[in-house]
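Chemist: Below is one structure. I have some questions about it.
The values are calculated or read from the model by the stated rules, or taken from the named source; none is laboratory data. Since the structure is predicted, the reported quantities are computational estimates derived from the model, not experimental observations. Note that we place each Cβ from the backbone using ideal geometry, even for glycine, and neighbour counts take in every protein chain shown.
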Amino acid sequence: MARHVIGIDLGTTNCAISWRDLEEGSGDVVSIPQLTAPGTVEERRLLPSFIYLAQEGEFPPGALALPWDKRPAYATGEFARAHGAKVVTRLVASAKSWLSHTNIDRTGALLPWQAPPEVERISPVEASARYLKHLVESWKASLQKDSDAEEIILTVPASFDAAARELTMQAAGQAGLQNVTLLEEPQAALYAWLEKIGDGFRKQVKVGDVILVVDVGGGTTDFSLIAVTEQNGDLQLTRMAVGDHILLGGDNMDLTLAHHLAQGKNLDAWQFTALTYGCREAKELLFADPKLKKAPISIPGRGSALIGATIKAELTRDDLGRILVDGFIPKAGVTELPRTARRTGLTQVGLPYAQDPGITRHLGAFLARQSRIAEGKAFVHPTAILFNGGVFKAAILKQRLVEVINDWLSRDGGSPVRELEGADLDLAVARGAVHYAWVRHGHGIRIRGGTARAYYVGVEPAMPSVPGFDPPIKALCVAPFGMEEGTKADVPPQEFALVVGEPTVFRFFASSVRREDRVGDMIDDAARNEEFEEVAPIETTLSGESGKLVPVNLQAAVTEVGTLELRCLEKEGGGRWKLEMNVRTKDG
Amino acid sequence: MAWRVLISAEFAGEVTEGLELRASARAKKAAPPERVHASGLMLLAAFQREGRLIDFLQQDAGGYSDEEIGAAARVVHGGCRKTLAQFFDLVPAAQTAEGAPMTVPTGFDPERIRLTGNVSGKPPFKGTLKHHGWIVTGVRMPSISETLDPRVITPAEVELP
């Protein structure tokens, strides 16, 4: 049995790592040594997900040294974030959000997005690899010996599609990590809860319960539905559905408050960042003490004079209620769809941030869209709710969300949800990941569910092309919804032929709602069907005598680590080719 | 000490090492004060970095209103408080509430309890707790690179256009 397991929460704005010795049961959250100033290494529970790409000669030699790397050319963590606020063109941030960005070459050196040409950029995959390496080295340093973990559980948003998961694995590989298994973050949060609650679990949930996990991180919002069922007298947990990838999180909340308070003040970029942190602290102060009417924020000037140059601001409880609670958790109907702003002709390809900050509207859309498991109701009725993410340290945000959901439920003839008192909101994902490793060794209850999407390859029908008219694309189901790890599915014989020596590209679709499609099912006009989303195309190139046609069968496999693999098997002969997801661009 | 040197090779090693260090220190010149007190300078740098303490103390506060000083003090208080909590665990030396009567027992620790007022006679004493004192129970100082000059509390900042 594996002895040392580690769980990694690779977050958009903060990372955490936890470990356990499965034989002795020892282990906890690992303190992460990181630069807090040049030449100064301190331990923190979280590693801010920022990389500062230093210019040669910018710092004295050895100033960026870490216990495991004497001369790095970059800084990671707290100092990177703090100094990067003054030199934004060299700061890599939100790499995780770029990993799931479908309109861009995600393996290309893109970041920092706004960097001038002379800055050597890195890819989102490379940035993720650097965080992972830093985390694992921290763990090794904490054990004071150079041993590798036998198992690593790496968490990803449930909404990450097959390509984003593949890229996360690629980052793990670049960081030199071995025996990595992926786990969805909302599941990790539930595992942390299960571990905390222990045997009391059976008293807290019952058969027929539907647990809604609402995970609002720094940069993303992630929903999952997990059903409690029974088999042979044992309780079972099945993940039934996951939400879309929503780039909206706690950072957006602090930014919105800062923009509000910055009105009429002349702040430079660094002061604005200081104001944003100030807003976060003031917000937490107000949320912690309901009697406070307002919280003061001081923004220091850049110069050495502090007295007289400090700008004052004040966050009031009114602002908080109006901007945060009503802005981010508005009272909305369950059928009210998230608003999408009209796109201008010339949009810069930045991150596709959610255009509607209303988390309740995104949640309503998610619950209503899963009509196939709603059992005849207007939307899926959750019976319990588990919150995750530092945002929910503010009880008022939880209360409002529960209030809105209960309003939906009562209008649709349901009963109110109850809150499952969660584990630590910041560290639950890393802790839950380690618990999952324990569960994988046959202890405790495991959440089942398989893939949260069905996958399809696009098949273009043979028809004459008409100018200005896209021929309808048929979708051939290659991997059904809920395919379990370690299983594979053969697509019934279809007429596929690959041309040797030339790249063959398939358009690739996913659906998070179509759970009835079986392997080999053909669905008409997928591109115009709202139940499908087009993901990164897949391609392969067969080496060999050019121009020859090879008839093949398709096979899909969900690997043990949780990634999807598509293969072409030669019909007559033993040829096998892996189809690679082309993450460079959606348009292939 | 001789017998301890005999039975503990490790300790013997330490002693030899210590003697050698002292010898080499004598041979070279003594470490400069900024190296001897590097951790004190580091603390100043941390309070400046997080809470702008040096800026605040180096500025002449005369001529500014209490409100202006108050706004600046918030920056200092918020940042230095965070740093203090990161480096040290602090608890009161006496658990009694300030202003409440307190008995100072026989054999009290004069390092942790200081007597004021009419100090005479033998303990136990009955008195009133005026200040509960502070004791550090945990220290987590950062590790500092030996290659950097600890005298630089904060560098000059030059913004390029």
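Chemist: May I ask you to verify whether residue A:172 is crowded, with 23+ Cβ neighbours inside 10 Å, touching a Ser or Thr at 6+ places or on another chain (Cβ under 6 Å) and among the small types (Gly, Ala, Ser)?
Modeler: In short, no.
Chemist: With respect to residue B:59, is the statement that it is among the polar types (S, T, N, Q), more than 16 Å from the chain's Cα centre (by Cα), modelled with pLDDT of 90 or more and surrounded by 13 or more Cβ atoms within 10 Å (Cβ to Cβ) true?
Modeler: Spelling it out, residue B:59 is indeed among the polar types (S, T, N, Q), more than 16 Å from the chain's Cα centre (by Cα), modelled with pLDDT of 90 or more and surrounded by 13 or more Cβ atoms within 10 Å (Cβ to Cβ).
Chemist: May I ask you to list the residues in the range A:412-440 that are over 18 Å from residue A:30 (Cα atoms) and assigned to a loop (DSSP other than H, G, I, E, B)?
Modeler: If the condition is that a residue be over 18 Å from residue A:30 (Cα atoms) and assigned to a loop (DSSP other than H, G, I, E, B), then A:412, A:413, A:414, A:415, A:416, A:417, A:420, A:421, A:422 are the ones that fit.
Chemist: For residue B:109, are the conditions met, namely being charged (D, E, K, R) and within 30 Å of residue A:33 (Cα to Cα)?
Modeler: no
Chemist: Next question, about the same structure. Among the residues of the range A:526-584, write down those that are modelled with pLDDT under 80 and of a type in the set (Ser, Thr, Tyr).
Modeler: A:540, A:541, A:543, A:546
Chemist: Now for a different question. State whether one or more residues within the range A:347-360 are under 27 Å from residue A:481 (Cβ atoms) and at pLDDT 90 or above.
Modeler: yes
Chemist: In addition: Filtering the range A:408-423 down to residues that are buried (at least 16 other Cβ atoms within 10 Å of the Cβ) and not small (Gly, Ala, Ser), which residue is modelled with the lowest pLDDT?
Modeler: For the range A:408-423, the residue satisfying everything is A:420.
Chemist: I'd like the residue in the range A:284-297 that is touching a strand residue (DSSP E or B) at 6+ places or on another chain (Cβ under 8 Å) and in contact (Cβ under 8 Å) with a residue 24 or more places away in the chain and, out of all such residues, is farthest from the other protein chains (Cβ to nearest Cβ).
Modeler: A:293
Chemist: Can you pull out every residue in the range A:90-118 that is farther than 30 Å from residue A:538 by Cβ and at pLDDT below 90?
Modeler: If the condition is that a residue be farther than 30 Å from residue A:538 by Cβ and at pLDDT below 90, then A:114, A:115, A:116, A:117, A:118 are the ones that fit.
Chemist: What number of residues within the range B:106-147 are away from chain A (no Cβ under 14 Å) and under 30 Å from residue B:45 (Cα atoms)?
Modeler: Here the count works out to 9.
Chemist: Turning to a different aspect of this structure: So which strands (runs of 3 or more DSSP E) are wholly in the range A:473-588 and hold at least 3 residues that are over 28 Å from residue A:155 (Cα atoms)?
Modeler: Qualifying strands (runs of 3 or more DSSP E): A:474-479, A:496-499, A:503-511, A:549-558, A:564-570.
Chemist: In the range A:1-45, which residue that is within 17 Å of the chain's Cα centre (by Cα) and not in a strand (DSSP E or B) is nearest to the other protein chains (Cβ to nearest Cβ)?
Modeler: Within the range A:1-45, the match that is nearest to the other protein chains (Cβ to nearest Cβ) is A:13.
Chemist: I'd like to verify a number: residues in the range A:304-336 that are surrounded by 17 or more Cβ atoms within 10 Å (Cβ to Cβ), among the acidic types (Asp, Glu) and touching a Gly at 6+ places or on another chain (Cβ under 9 Å), how many?
Modeler: So the answer is 0.
Chemist: Same structure, new question: When residue B:78 is evaluated against the numbered criteria (1) at pLDDT 95 or above; (2) surrounded by 12 or more Cβ atoms within 10 Å (Cβ to Cβ), which criterion, by number, is the only one it fails?
Modeler: The single condition residue B:78 does not satisfy is (1).
Chemist: Let me ask another. Has the range A:251-272 got any residue that is buried (at least 16 other Cβ atoms within 10 Å of the Cβ), under 30 Å from the mean Cα position of the chain (by Cα) and within 14 Å of chain B (Cβ to nearest Cβ)?
Modeler: Checked the range A:251-272: at least one residue is buried (at least 16 other Cβ atoms within 10 Å of the Cβ), under 30 Å from the mean Cα position of the chain (by Cα) and within 14 Å of chain B (Cβ to nearest Cβ).
Chemist: When the residues of the range A:368-396 are narrowed to those that are without any contact (Cβ under 8 Å) to a residue 60 or more places away in the chain and among the aliphatic types (A, V, I, L, M), which ends up farthest from residue A:424 (Cα to Cα)?
Modeler: A:378
Chemist: What's the number of the condition residue B:69 fails, among (1) facing chain A (nearest Cβ under 9 Å); (2) farther than 15 Å from residue A:298 by Cβ; (3) among the β-branched types (Val, Ile, Thr); (4) free of Cβ contacts under 8 Å to residues at least 12 places away in the same chain?
Modeler: Single failed check for residue B:69: (2).
Chemist: Can you tell me which condition residue A:297 does not meet? The list is (1) assigned to a loop (DSSP other than H, G, I, E, B); (2) of a type outside the set (Asp, Glu); (3) more than 23 Å from the chain's Cα centre (by Cα), and all the others hold.
Modeler: (1)
Chemist: When the range A:298-344 is examined, which residues are found to be at the interface with chain B (Cβ under 8 Å from one of its Cβ atoms) and either basic (Lys, Arg) or under 20 Å from residue A:250 (Cα atoms) (or both)?
Modeler: Result: A:302, A:312.
Chemist: Select from the range A:94-128 the residues that are closer than 26 Å to residue B:161 by Cα and touching a helix residue (DSSP H, G or I) at 6+ places or on another chain (Cβ under 7 Å) and list them in ascending order.
Modeler: A:110, A:111, A:112, A:114, A:115, A:116, A:119
Chemist: Taking only the range B:57-66 into account, find how many residues are among the hydrophobic types (A, V, I, L, M, F, W, C) and facing another protein chain (nearest Cβ under 7 Å).
Modeler: The number of residues fulfilling the criteria is 1.
Chemist: Follow-up question, since we're still on this one. Would you confirm, using the coordinates I've provided, whether residue A:306 is over 30 Å from residue A:244 (Cβ atoms), in contact (Cβ under 8 Å) with a residue 40 or more places away in the chain and assigned by TED's automatic domain parsing to the domain that holds residue A:379?
Modeler: Against the criterion (over 30 Å from residue A:244 (Cβ atoms), in contact (Cβ under 8 Å) with a residue 40 or more places away in the chain and assigned by TED's automatic domain parsing to the domain that holds residue A:379), residue A:306 does not qualify.
Chemist: Test of understanding: among B:149, B:89, which residue is in contact with a helix residue (DSSP H, G or I) (Cβ under 8 Å, 6 or more places away or on another chain) and among the acidic types (Asp, Glu)?
Modeler: Matching residue, one of B:149, B:89: B:149.
Chemist: Looking at (1) at pLDDT below 95; (2) of a type in the set (A, V, I, L, M); (3) out of contact with any His (no Cβ under 9 Å at 6 or more places or on another chain), find the lone condition where residue A:16 falls short.
Modeler: (1)
Chemist: Among the residues of the range A:273-283, are any surrounded by 16 or more Cβ atoms within 10 Å (Cβ to Cβ), within 12 Å of chain B (Cβ to nearest Cβ), within 30 Å of residue B:63 (Cα to Cα) and of a type in the set (Val, Ile, Thr)?
Modeler: No.
Chemist: Could you count how many residues in the range B:31-56 are within 9 Å of another protein chain (Cβ to nearest Cβ), within 16 Å of the chain's Cα centre (by Cα) and assigned to a loop (DSSP other than H, G, I, E, B)?
Modeler: The number of residues fulfilling the criteria is 0.
Chemist: A further question on this structure: Collect the residues in the range B:102-161 that are out of contact with any strand residue (DSSP E or B) (no Cβ under 7 Å at 6 or more places or on another chain), under 30 Å from residue A:59 (Cα atoms) and aliphatic (A, V, I, L, M), keeping them in residue-number order.
Modeler: B:141, B:148, B:152, B:153, B:156, B:158, B:160
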